[in-house]
1. For Ile85, what residues show an amide H to amide H distance below 5 Å, using hydrogens built from the backbone and excluding near sequence neighbours?
2. For the chain, what are Rg and Dmax over the alpha carbons, in angstrom?
3. Using unit Cβ charges (K, R positive; D, E negative) and no other charged atoms, how large, in debye to the nearest 20, is the dipole of region 191-344 about its Cα centre?
4. Want the number for Asp34 to Glu238: 0.36 nm per residue separation, take away the alpha-carbon distance, what's left?
5. Where the accessible area of the chain is counted over protein heavy atoms with a 1.4 Å probe, how much of it, in %, is carbon and sulfur?
6. Can you compute log10 of I(q)/I(0) for region 1-113 with the Debye formula, treating each Cα as one identical point scatterer, at q = 0.20 Å⁻¹?
7. Could you tell me which trypsin sites (Lys or Arg not before Pro) in region 125-197 are loop residues by DSSP with no more than 15 other beta carbons within 10 angstrom of their beta carbon?
8. Just add up the charged neighbours of Lys152: K/R +1, D/E -1, any other residue whose Cβ is under 13 Å from the Cβ of Lys152.
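The values are calculated or read from the model by the stated rules, or taken from the named source; none is laboratory data. Since we're looking at a predicted model, the values are computed, not measured. Positions of Cβ are generated from backbone atoms using ideal geometry, with glycine treated the same way; all protein chains shown enter the neighbour counts. Each accessible area value is taken on the protein alone, full model and side chains, heavy atoms only, with ligands, DNA and RNA left out. Shrake-Rupley method; radii C 1.70, N 1.55, O 1.52, S 1.80 Å.
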Amino acid sequence: MSEYPREYASVEDARRQLLDVSPVLDVEEIDLRDALGRVLAEDAVSDIDVAPFDHSAMDGFAVRTLDLAKATEADPVELGVIAHIGAGDHLERAIESVTTARIMTGAAVPAGADSVIKIEDSCTVSGEGGIGSIISFTAPAISGKNIRRRGKEVAAGQIALHAGEILGPAGIGLLSATGHPTVQVYRRPRVAVVSTGSELVDAHTVPGPGQIRNSNSYSLGAQIIAAGGIPIDYPGIEDTYEATKEALTRAAQECDFVVTSGGVSGGDFDFVKPVLEDIGTPYHCKVNMRPGRPQTMGVIKETPFFGLPGNPTSSYVGFEMFVRPALRKMQGHTELTRPVIHARITHDAKKHQDRRYFLRGTVRRGDGGDLECTVEGDQSSALLRSVHEGNAFIVLPEGFSPVPAGTEVDCIRLDVDEGVEL
Ligand code: AMP
Ligand code: MG
């Protein structure tokens, strides 16, 4: 049995128990183009200096500051153009005294030159501005001006990105520049979505008498993708002991994590808990929250298991609060929970039960500039619209104290990523 023998877990305990049994997954090498959002599993060292050479930040003229030291409006200095350098060119010869090279943005600054003067700050005295032209300059040059230095981003042998960093578009660009067409990242979990319920039919079927469409397998599948996982569907499992056992056994063998929906209450046809007791180890079967008290958690052999209630909103909330952090941990993330902000509730809210409430609502800035929150529509756990239209869970703590309008409450921001400071 687990070190957490309690049947009835607090939200914090339930989350910790699930995190404890959810391992960080192994590492895989993937194409850099597929790496968006993944967590780097090893330090990425640059094989070259980035930038690889000093290059011009402007279209202009590469000059020696010494040559232009005395240049003024009244007494300009004239230099002869000896080369025309574009990006990708490499000039073998150096810029010698009283000469210049016309140079384009991104082109390597030639030896001898130590400054680039913008075209706009020069005047062509003869020729078209290219090789053989004479250019006049009316002010001294500043050493290093308009030159982007070799190795400024990262030097050869230095760590460009560290293990544990999340790969965004800019990080992916850096990895490309530093010679990493493939990267080592933590694997994405394959997550079984086992939808129990003899009443369930798929979205393309018109339900017959007593039947409903299986919306949880779709919403959970989307939540898994949003959390970085790969959903594997086990749809419409009949409410029998045998069918439930067969599905859970197979799912635990084939996947890294098993989520079920439905069948976790004490009804005559709820078989998830007895099957878990048979083929795995239950840790807790209830969490002190609303919606979704019957959240059943445990392991099947080594595979983490989380049984969500069937009501669509209960399932949605349970996934957000417990499964999403676990899936993030498995992918190497260290920021596991959504940002919580304080906002004043715009209306009275009552507590009928001594459980933590997660009301589906909206946080916004009021006319005075302060954050306020409002519960959305009908809060029935059977109805998804309140989640769809809201952007937060409004948290009312355990106990029965009513929450009058104007009270500051915690709001879990569902529209903001973990680790973002608000
Ligand atoms: P249960 O947790 O199995 O007692 O189900 C609670 C309620 O959620 C019942 O009204 C079920 O019909 C409904 N339900 C169960 N599974 C699903 C599902 N996959 N999609 C939509 N509703 C469901
Ligand atoms: Mg059911």
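1. Placed amide hydrogens put Arg102, Ile103, Met104 under 5 Å from Ile85.
2. According to the Cα coordinates of the chain, Rg and Dmax are 31.6, 99 Å.
3. On the way: 13 positive and 16 negative charges, 169 e Å.
I would put it at about 820 debye.
4. Working: separation 204, 0.36 × 204 = 73.44 nm, distance 3.74 nm.
Result: 69.7 nm gained on full extension.
5. Working: 10160 of 20130 Å².
Carbon-and-sulfur percentage of accessible area, whole number: 50.
6. -1.05
7. Details: sites: Lys145, Arg148, Arg149, Arg150, Lys152, Arg187, Arg190; in loops: Lys145, Arg149, Arg150, Lys152, Arg187.
Loop-located and lightly packed - Arg149, Lys152.
8. Working: positive: Arg148, Arg149, Arg150; negative: Asp49, Asp54, Glu153.
Around Lys152, the surrounding residues sum to 0.
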